[in-house]
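Enquirer: Sharing a structure with you now.
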Amino acid sequence: GAGVSQTPSNKVTEKGKYVELRCDPISGHTALYWYRQSLGQGPEFLIYFQGTGAADDSGLPNDRFFAVRPEGSVSTLKIQRTERGDSAVYLCASSLTGSAGELFFGEGSRLTVL
Amino acid sequence: EDKVVQSPLSLVVHEGDTVTLNCSYEVTNFRSLLWYKQEKKAPTFLFMLTSSGIEKKSGRLSSILDKKELFSILNITATQTGDSAVYLCVRNTNAGKSTFGDGTTLTVKP
(Lines give C-alpha, C1' and ligand atoms only; values in the text may rest on other atoms or scores of the structure.)
Protein backbone atom coordinates (compact mmCIF):
# COMPACT_ATOMS: atom_id res chain seq x y z
CA GLY A 1 0.00 0.00 0.00
CA ALA A 2 0.96 3.65 -0.14
CA GLY A 3 1.55 3.92 3.58
CA VAL A 4 1.41 1.97 6.81
CA SER A 5 -2.16 1.03 7.60
CA GLN A 6 -3.43 0.18 11.07
CA THR A 7 -6.79 -1.18 12.08
CA PRO A 8 -8.89 -0.54 14.01
CA SER A 9 -8.25 3.15 14.50
CA ASN A 10 -10.16 3.01 17.77
CA LYS A 11 -10.99 0.08 20.00
CA VAL A 12 -12.95 0.21 23.24
CA THR A 13 -13.04 -2.99 25.24
CA GLU A 14 -13.78 -4.20 28.73
CA LYS A 15 -11.21 -5.28 31.25
CA GLY A 16 -10.33 -8.94 30.79
CA LYS A 17 -11.18 -9.13 27.09
CA TYR A 18 -8.87 -10.14 24.24
CA VAL A 19 -7.93 -7.68 21.49
CA GLU A 20 -6.07 -7.84 18.22
CA LEU A 21 -4.52 -4.86 16.49
CA ARG A 22 -3.42 -5.14 12.88
CA CYS A 23 -0.65 -3.45 10.96
CA ASP A 24 -0.15 -3.55 7.20
CA PRO A 25 3.31 -2.12 6.43
CA ILE A 26 4.57 -0.46 3.28
CA SER A 27 5.04 -3.06 0.58
CA GLY A 28 8.61 -4.34 0.47
CA HIS A 29 9.58 -3.12 3.93
CA THR A 30 11.27 -5.96 5.76
CA ALA A 31 11.37 -4.37 9.19
CA LEU A 32 8.25 -3.76 11.28
CA TYR A 33 8.02 -2.19 14.71
CA TRP A 34 5.31 -1.91 17.35
CA TYR A 35 5.28 0.94 19.85
CA ARG A 36 2.92 1.99 22.62
CA GLN A 37 2.39 5.67 23.35
CA SER A 38 0.70 7.06 26.44
CA LEU A 39 -0.37 10.68 26.76
CA GLY A 40 2.55 13.03 27.21
CA GLN A 41 5.17 10.40 26.55
CA GLY A 42 7.23 9.30 23.60
CA PRO A 43 6.53 6.00 21.87
CA GLU A 44 7.69 3.03 23.94
CA PHE A 45 9.29 0.17 22.02
CA LEU A 46 7.46 -3.15 22.17
CA ILE A 47 8.76 -5.48 19.46
CA TYR A 48 10.72 -5.42 16.21
CA PHE A 49 10.34 -7.91 13.34
CA GLN A 50 12.86 -8.57 10.62
CA GLY A 51 10.92 -10.56 8.07
CA THR A 52 8.82 -13.18 9.82
CA GLY A 53 10.89 -13.41 12.96
CA ALA A 54 10.89 -11.25 16.06
CA ALA A 55 14.41 -9.81 16.16
CA ASP A 56 13.81 -8.09 19.47
CA ASP A 57 10.78 -8.53 21.72
CA SER A 58 12.37 -7.10 24.84
CA GLY A 59 9.81 -4.30 25.05
CA LEU A 60 6.75 -6.51 25.48
CA PRO A 61 5.63 -5.70 29.03
CA ASN A 62 4.45 -9.19 30.04
CA ASP A 63 3.19 -12.47 28.66
CA ARG A 64 -0.27 -11.05 27.95
CA PHE A 65 1.26 -9.34 24.92
CA PHE A 66 2.18 -11.27 21.80
CA ALA A 67 2.81 -10.32 18.18
CA VAL A 68 3.10 -12.28 14.97
CA ARG A 69 4.09 -11.64 11.39
CA PRO A 70 3.59 -15.02 9.73
CA GLU A 71 4.29 -14.07 6.12
CA GLY A 72 6.69 -11.23 6.67
CA SER A 73 4.16 -8.54 5.82
CA VAL A 74 1.04 -7.94 7.93
CA SER A 75 1.55 -8.09 11.68
CA THR A 76 -0.95 -8.58 14.49
CA LEU A 77 -0.41 -7.45 18.06
CA LYS A 78 -2.45 -9.56 20.46
CA ILE A 79 -3.31 -8.58 24.00
CA GLN A 80 -4.91 -11.10 26.33
CA ARG A 81 -6.87 -10.35 29.51
CA THR A 82 -6.68 -6.61 28.91
CA GLU A 83 -6.16 -4.28 31.86
CA ARG A 84 -6.98 -0.59 32.22
CA GLY A 85 -3.27 0.18 32.13
CA ASP A 86 -3.09 -1.17 28.59
CA SER A 87 -5.01 1.87 27.37
CA ALA A 88 -2.77 3.76 24.96
CA VAL A 89 -2.17 4.44 21.29
CA TYR A 90 -0.43 1.51 19.65
CA LEU A 91 1.77 2.67 16.78
CA CYS A 92 3.16 0.50 14.05
CA ALA A 93 6.08 1.53 11.85
CA SER A 94 7.93 -0.08 8.99
CA SER A 95 11.36 0.42 7.52
CA LEU A 96 12.93 -0.69 4.27
CA THR A 97 15.71 -2.62 5.98
CA GLY A 98 16.55 -3.73 9.47
CA SER A 99 19.10 -0.99 10.03
CA ALA A 100 16.60 1.17 11.91
CA GLY A 101 16.79 4.03 9.45
CA GLU A 102 13.77 6.19 8.71
CA LEU A 103 10.61 4.71 10.16
CA PHE A 104 7.28 5.20 8.44
CA PHE A 105 4.46 5.28 10.95
CA GLY A 106 0.81 4.35 10.74
CA GLU A 107 -1.90 6.50 12.30
CA GLY A 108 -2.07 4.22 15.31
CA SER A 109 -4.77 2.24 17.06
CA ARG A 110 -6.20 3.90 20.14
CA LEU A 111 -7.09 1.23 22.70
CA THR A 112 -9.33 2.09 25.62
CA VAL A 113 -9.88 -0.53 28.29
CA LEU A 114 -12.85 0.23 30.54
CA GLU B 1 19.97 1.88 29.84
CA ASP B 2 18.95 3.14 26.39
CA LYS B 3 17.78 6.46 27.76
CA VAL B 4 17.01 9.37 25.49
CA VAL B 5 16.38 12.65 27.30
CA GLN B 6 14.84 15.65 25.62
CA SER B 7 14.67 19.20 26.91
CA PRO B 8 12.80 21.34 27.45
CA LEU B 9 9.66 19.28 27.96
CA SER B 10 7.58 22.13 26.62
CA LEU B 11 8.15 25.50 25.07
CA VAL B 12 5.86 28.40 24.20
CA VAL B 13 7.10 31.03 21.76
CA HIS B 14 5.68 33.64 19.40
CA GLU B 15 5.79 33.55 15.64
CA GLY B 16 9.14 34.63 14.32
CA ASP B 17 11.12 33.39 17.31
CA THR B 18 13.99 30.92 16.98
CA VAL B 19 13.95 27.77 19.10
CA THR B 20 16.53 25.15 19.99
CA LEU B 21 15.44 21.70 21.12
CA ASN B 22 17.87 19.38 22.86
CA CYS B 23 18.34 15.63 22.89
CA SER B 24 20.91 13.65 24.86
CA TYR B 25 21.36 9.91 24.61
CA GLU B 26 23.35 6.99 25.90
CA VAL B 27 25.98 5.58 23.61
CA THR B 28 25.26 1.84 23.71
CA ASN B 29 25.62 0.41 20.23
CA PHE B 30 24.79 3.73 18.58
CA ARG B 31 23.96 3.78 14.88
CA SER B 32 21.96 6.94 14.17
CA LEU B 33 19.82 9.65 15.71
CA LEU B 34 16.57 10.78 14.14
CA TRP B 35 14.16 13.64 14.70
CA TYR B 36 10.42 13.35 14.10
CA LYS B 37 7.51 15.80 14.25
CA GLN B 38 4.26 14.53 15.75
CA GLU B 39 1.21 16.72 15.27
CA LYS B 40 -1.71 14.40 15.89
CA LYS B 41 -1.01 10.73 15.53
CA ALA B 42 1.72 9.49 13.21
CA PRO B 43 5.21 10.95 13.71
CA THR B 44 6.69 12.27 10.48
CA PHE B 45 10.38 12.11 9.67
CA LEU B 46 12.55 15.22 9.78
CA PHE B 47 16.25 14.27 9.90
CA MET B 48 18.60 11.34 10.33
CA LEU B 49 22.06 12.04 11.72
CA THR B 50 24.96 9.61 11.77
CA SER B 51 28.08 11.76 11.71
CA SER B 52 29.26 14.37 14.18
CA GLY B 53 29.41 18.01 13.21
CA ILE B 54 27.57 17.78 9.90
CA GLU B 55 24.50 19.99 9.88
CA LYS B 56 21.39 18.73 8.15
CA LYS B 57 19.10 21.48 6.92
CA SER B 58 15.60 21.62 5.51
CA GLY B 59 14.09 25.06 5.08
CA ARG B 60 13.83 26.71 8.49
CA LEU B 61 14.80 23.52 10.31
CA SER B 62 18.31 22.29 10.95
CA SER B 63 19.92 19.68 13.14
CA ILE B 64 23.38 18.61 14.21
CA LEU B 65 24.86 15.71 16.15
CA ASP B 66 27.74 15.66 18.63
CA LYS B 67 28.85 12.05 19.11
CA LYS B 68 31.53 12.99 21.60
CA GLU B 69 29.17 14.76 23.98
CA LEU B 70 26.26 12.46 23.05
CA PHE B 71 23.67 15.03 22.12
CA SER B 72 21.83 16.55 19.22
CA ILE B 73 19.98 19.81 18.72
CA LEU B 74 17.11 20.75 16.46
CA ASN B 75 16.84 24.40 15.50
CA ILE B 76 13.78 26.09 14.05
CA THR B 77 14.15 29.66 12.85
CA ALA B 78 11.36 32.15 12.12
CA THR B 79 8.81 29.87 13.79
CA GLN B 80 5.27 29.69 12.45
CA THR B 81 2.06 28.47 14.09
CA GLY B 82 2.26 25.39 11.88
CA ASP B 83 5.44 24.39 13.69
CA SER B 84 3.38 23.68 16.82
CA ALA B 85 3.83 19.97 17.51
CA VAL B 86 5.66 17.46 19.63
CA TYR B 87 9.24 16.95 18.43
CA LEU B 88 10.62 13.50 19.10
CA CYS B 89 14.25 12.42 19.19
CA VAL B 90 15.06 8.75 18.48
CA ARG B 91 18.29 6.88 18.99
CA ASN B 92 18.85 3.78 16.84
CA THR B 93 21.22 0.93 17.56
CA ASN B 94 23.08 -1.39 15.21
CA ALA B 95 20.69 -4.13 16.32
CA GLY B 96 17.79 -2.21 14.85
CA LYS B 97 16.22 -1.03 18.08
CA SER B 98 14.79 2.49 18.26
CA THR B 99 14.45 4.33 21.59
CA PHE B 100 12.38 7.51 21.71
CA GLY B 101 12.62 10.43 24.07
CA ASP B 102 9.44 11.82 25.62
CA GLY B 103 9.43 14.73 23.22
CA THR B 104 9.37 18.50 23.43
CA THR B 105 5.96 20.10 23.02
CA LEU B 106 6.35 23.29 21.03
CA THR B 107 3.55 25.85 20.94
CA VAL B 108 3.94 28.78 18.58
CA LYS B 109 1.52 31.62 19.26
CA PRO B 110 0.50 34.12 16.57
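The values are calculated or read from the model by the stated rules, or taken from the named source; none is laboratory data. Note that the structure is a prediction, hence the values are computed from the model and not measured. As a convention, Cβ positions derive from the backbone with ideal geometry for all residues, glycine included, and neighbour counts pool all protein chains shown. Accessible surface is based on the protein model in full, side chains and every heavy atom, while ligands, DNA and RNA are left aside. Shrake-Rupley method; radii C 1.70, N 1.55, O 1.52, S 1.80 Å.
Enquirer: Using +1 at the C-beta of Lys and Arg and -1 at the C-beta of Asp and Glu, which of B:S98, A:V12, A:A54 has the Cα lying farthest in the positive direction of the dipole of the protein assembly as shown?
Expert: A:V12
Enquirer: Next question. Express the carbon and sulfur contribution to the solvent-accessible surface of chain B as a percent, rounded to the nearest whole number, probe 1.4 angstrom. If you can, show how the numbers build up before the last one.
Expert: Numbers: 2680 of 5280 Å².
Here carbon and sulfur together make up 51 percent of the probe-accessible area.
Enquirer: While we're looking at this one, here's another question. Once you sort the root eigenvalues of the Cα gyration tensor of the protein assembly as shown as a ≥ b ≥ c, which label holds: rounded (a/c under 1.5), prolate (a/b larger than b/c) or oblate (the other case)?
Expert: Values: a/c = 1.93, a/b = 1.47, b/c = 1.31.
Verdict is prolate for the protein assembly as shown.
Enquirer: Among the GluC sites (Glu not before Pro) in the stretch A:63-114, which ones are in a DSSP loop with at most 11 other Cβ atoms within 10 Å of the Cβ? Mind listing them?
Expert: Here the sparse-neighbourhood loop sites are A:E71.
Enquirer: Could you give the radius of gyration (one decimal) and Dmax (whole number) of the Cα atoms in the stretch A:5-98, in Å?
Expert: Rg, Dmax (Cα atoms, Å): 12.7, 37.
Enquirer: Something else: Let me know the charge dipole size of the protein assembly as shown about its Cα centre in debye, to the nearest 20, where only the beta-carbon of Lys, Arg (+1) and Asp, Glu (-1) is charged. Numbers along the way, then the final one.
Expert: Numbers: 24 positive and 23 negative charges, 60 e Å.
Roughly 280 debye for the protein assembly as shown.
Enquirer: By the gyration tensor of its Cα atoms, with a ≥ b ≥ c the square roots of the eigenvalues, what is the shape of the stretch B:2-110: rounded for a/c under 1.5, prolate for a/b over b/c, or oblate?
Expert: prolate
Enquirer: Right, next: Relative contact order for chain B using alpha-carbon pairs under 8 Å, separation at least 6, rounded to a whole percent?
Expert: 38
Enquirer: I'd like the Karplus ³J(HN,Hα) series for the stretch A:11-22: coefficients 6.51, -1.76, 1.60, θ = phi - 60°, whole numbers in Hz, and an x wherever there's a Gly or Pro.
Expert: Each residue of the stretch A:11-22 in turn: 9, 10, 9, 9, 3, x, 7, 9, 10, 10, 10, 10 Hz.
Enquirer: Which residues of the stretch B:60-100 bury at least 20 Å² of accessible area once all protein chains are present, versus their chain alone (1.4 Å probe)?
Expert: Flagged in the stretch B:60-100: B:N92, B:A95, B:G96, B:K97, B:S98, B:F100.
Enquirer: Still on this model: Among the aspartates and glutamates, select those whose C-alpha is under 20 Å from the C-alpha of B:K41, and discard any that sit fewer than 8 residues away in the same chain.
Expert: In chain and number order, the partners are A:E20, A:D24, A:E44, A:D86, A:E102, A:E107, B:D83, B:D102.
Enquirer: With +1 on each Lys and Arg Cβ and -1 on each Asp and Glu Cβ, how big is the dipole of the stretch B:4-109 about its Cα centre, in debye rounded to the nearest 20?
Expert: Working: 12 positive and 9 negative charges, 70 e Å.
It works out to roughly 340 debye.
Enquirer: Rounded to the nearest 100 Å², what is the sum over both chains of accessible area buried where A meets B, with a probe of 1.4 Å?
Expert: The buried area between A and B, both sides summed, comes to about 1600 Å².
Enquirer: Moving on. Just tell me the longest site-free run in chain A, where the sites are trypsin sites (Lys or Arg not before Pro) in a DSSP loop having at most 16 other beta-carbon atoms within 10 Å. Working shown, then result.
Expert: Working: sites that count: A:K15, A:K17, A:R64, A:R81.
Between the exposed loop sites, the longest stretch runs A:18-63.
Enquirer: Ok, one more. Accessible area of the stretch A:5-98 with a 1.4 Å probe: how many percent of it is carbon plus sulfur? Walk me through the numbers before you get to the answer.
Expert: Working: 2060 of 4400 Å².
Looking at the stretch A:5-98 in its full context, I get 47 percent from C and S.
Enquirer: Quote the relative contact order of the stretch A:10-114 in percent (integer), defining contacts as alpha-carbon pairs under 8 Å separated by 6+ residues.
Expert: On the way: 250 pairs, mean separation 38.5, N = 105.
Value for the stretch A:10-114: 37 percent.
Enquirer: Ignoring ligands and nucleic acids, what accessible area does A:V113 show with a 1.4 Å probe (Å², nearest 10)?
Expert: Rounded to the nearest 10, that gives 10 Å².
Enquirer: Give me the residues in the stretch A:85-114 whose solvent-accessible area, probe 1.4 Å, is reduced by at least 50 Å² once all protein chains are included instead of the chain isolated.
Expert: Output list: A:S99, A:A100, A:E102, A:F105, A:E107.
Enquirer: Another question, then. Solvent-accessible area of A:L60, probe 1.4 Å, all protein chains present, reported in Å² to the nearest ten, please.
Expert: Only protein atoms counted, so the area is about 30 Å².
Enquirer: Each residue of the stretch B:92-107 in order: what ³J(HN,Hα) in whole Hz does its phi give by Karplus 6.51 cos²θ - 1.76 cosθ + 1.60, θ = phi - 60°, with x for Gly and Pro?
Expert: Residue by residue, the stretch B:92-107 yields 9, 9, 5, 7, x, 8, 10, 10, 8, x, 7, x, 10, 8, 9, 10 Hz.
Enquirer: Can you pick out the pairs among B:K3/B:K109; A:K11/A:K78; B:K56/B:K109; A:K17/B:K40 whose Cα atoms lie more than 22 Å from each other? Each step should come with its number before you reach the end.
Expert: Details: B:K3/B:K109 31 Å; A:K11/A:K78 13 Å; B:K56/B:K109 26 Å; A:K17/B:K40 28 Å.
Those over the limit are B:K3/B:K109; B:K56/B:K109; A:K17/B:K40.
Enquirer: Probe of 1.4 angstrom, ligands and nucleic acids ignored: what's the accessible area per residue over the stretch A:5-98, in square angstrom?
Expert: Per residue, the stretch A:5-98 has 47 Å² of solvent-accessible surface.
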